[in-house]
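Each reported figure results from applying straightforward, stated rules to the coordinates on display, with no laboratory input. Just so it is clear, the model here is predicted, and its values are computed rather than measured. Cβ sites come from the backbone with ideal geometry, for glycine too, and all protein chains shown count toward neighbours.
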Amino acid sequence: MASDQDLVVETVRDILTGFEPFVLTPERRWDEGLWSALAEAGLTGVGLPEEAGGSGGELADAVAIVRTLAAGAAAVPVAEQLLVAGPALVAADLDLPSPEEPMTFAVADAVTVHPVDNGDGPGRFTVNGTVTDLAWAGVASHVVLLAPASAGSDGALLALVHVADLEATDAFNLAGEPRGSLVLDQVAATGALLSAAQAQELRARFALARAVQLAAALEQVLAWTVQYAGERQQFGRPLGKFQAIQMELAEMAGEVTAVTALTDAAVQALDRGSADVVLAAAAAKVRAGAAVEVVARLAHQVHGAIGFTQEHKLHHLTRRLWSWRDEAGSDLAWSRVLGAGLLAGPDDFWPALTRVV
């Protein structure tokens with residue numbers, strides 16, 4: 001008997017059959033039709049409480065949706081909405097915008113936020129500064145910002161900004177996904193103060209969202225490559241019968257298995273509210289980033305010249321792999337977090353190392 005999560009995944013896959021991946025351009029920045037279909041099915045609010053305006057469901061359901069869409073090279077901001085921005089607003093007891101309106105998230109270290117005392121109660125702010133490298137800039141109607149708190153505070157401020165009327169600059173990652181900038185000039189926002197630990201966990205959530213997408217895309221690239229090696233004939237037999245190709249497929253499978261295991265462990269740590277969630281997310285993001293170089297390179301090597309053409313599906317995911325690897329914190333940045341966390345308690349080093357890795 002199919003579980004609720006299986007039914008959710010099946011629904012997403014059914015929807016995806018009507019929306020083939022395409023090359024993103026400045027004129028067509030995202031798949032608005034796919035977003036509308038997902039929103040109509042209630043899938044853009046999964047994992048967010050019904051009492052807050054979401055569709056209900058568990059974290060695992062939201063992760064399953066993000067994984068399925070990532071494997072399908074879907075050009076929609078579901079990962080940012082379901083795994084980062086939405087949960088952050090709910091945790092901070094801030095009003096959640098309609099899930100039908102696309103929402104994204106950004107770490108905005110160059111933005112300043114000032115409280116407003118206008119008699120409407122606490123939580124009102126104005127935001128000034130430029131948000132750079134914003135995922136889905138010019139697409140999202142709302143942006144959740146993690147901004148520096150006031151001077152003298154070691155925490156951060158979570159701010160919800162309505163940006164549908166603001167014009168974003170034209171900038172894109174290697175996959176063509178919008179990564180432009182927004183200039184905020186006395187823009188109104190609602191917000192809440194976060195502790196340093198809460199802010200770090202939110203950064204880790206963002207990294208984990210990208211790790212989830214990377215894991216799903218890596219798995220799909222491996223599946224395509226195994227299929228191609230079994231179908232493509234060379235010298236009278238399938239490519240997959242050659243020992244050199246078998247070794248490359250085995251190496252790819254090892255990388256993908258490691259990433260999937262670490263990503264699943266980090267999701268479970270987040271779900272149970274573990275104190276190790278930052279280290280678990282850091283390990284997942286670092287391991288996923290390391291796997292990208294190996295899996296993407298070998299996939300294109302096995303596919304040969306056809307894998308580099310615009311007409312072939314492989315590039316839709318490999319270009320996303322190369323892009324997502326460098327987002328939500330680089331491998332170097334999260335390696336430092338992971339190393340510092342493991343060394344924080346010398347007596348606990350080995351237990352912590354084996355628990356996370």
For the chain, take the longest principal axis of its alpha carbons; what is the angle in degrees between that and the long axis of helix 59-71, to the nearest 10 within 0 to 90?
50 degrees
How would you classify region 4-194 from its alpha-carbon gyration tensor, with a ≥ b ≥ c the square roots of the eigenvalues: rounded for a/c under 1.5, else prolate if a/b is greater than b/c, otherwise oblate?
oblate
Only Cα pairs under 8 Å and at least 6 apart count here; give the relative contact order of the chain as a rounded whole percent.
14 percent
Please give the contour-minus-distance gain from residue 58 to residue 20: 0.36 nm per residue of separation, less the Cα-Cα distance, rounded to one decimal in nm.
10.9 nm
Neighbour-count order for 27, 20, fewest beta carbons within 10 angstrom listed first:
27, 20
Here the relative contact order (percent) of region 198-356, from C-alpha pairs under 8 Å and at least 6 apart, is 31 percent
Cα axis of helix 243-271 to longest principal axis of the chain: angle in degrees, 0 to 90, nearest 10?
20 degrees
What is the order of 306, 65, 15, fewest Cβ neighbours within 10 Å to most?
306, 15, 65
To the nearest 10 degrees, how steeply does helix 196-231 sit against the main Cα axis of the chain, on a 0 to 90 scale?
20 degrees
May I ask you to sort 206, 19, 235, 125 by Cβ crowding, counting other Cβ atoms within 10 Å and putting the fewest first?
235, 19, 125, 206
Divide by every residue of the chain the summed helix terms, -39500 (n - 2.57) for each DSSP H run of at least 4, and state the resulting mean residue ellipticity at 222 nm, rounded to the nearest 500 deg cm²/dmol.
-15500 deg cm²/dmol
Based on the alpha carbons, how large is the Rg to Rh ratio for the chain when Rh follows Kirkwood?
0.98
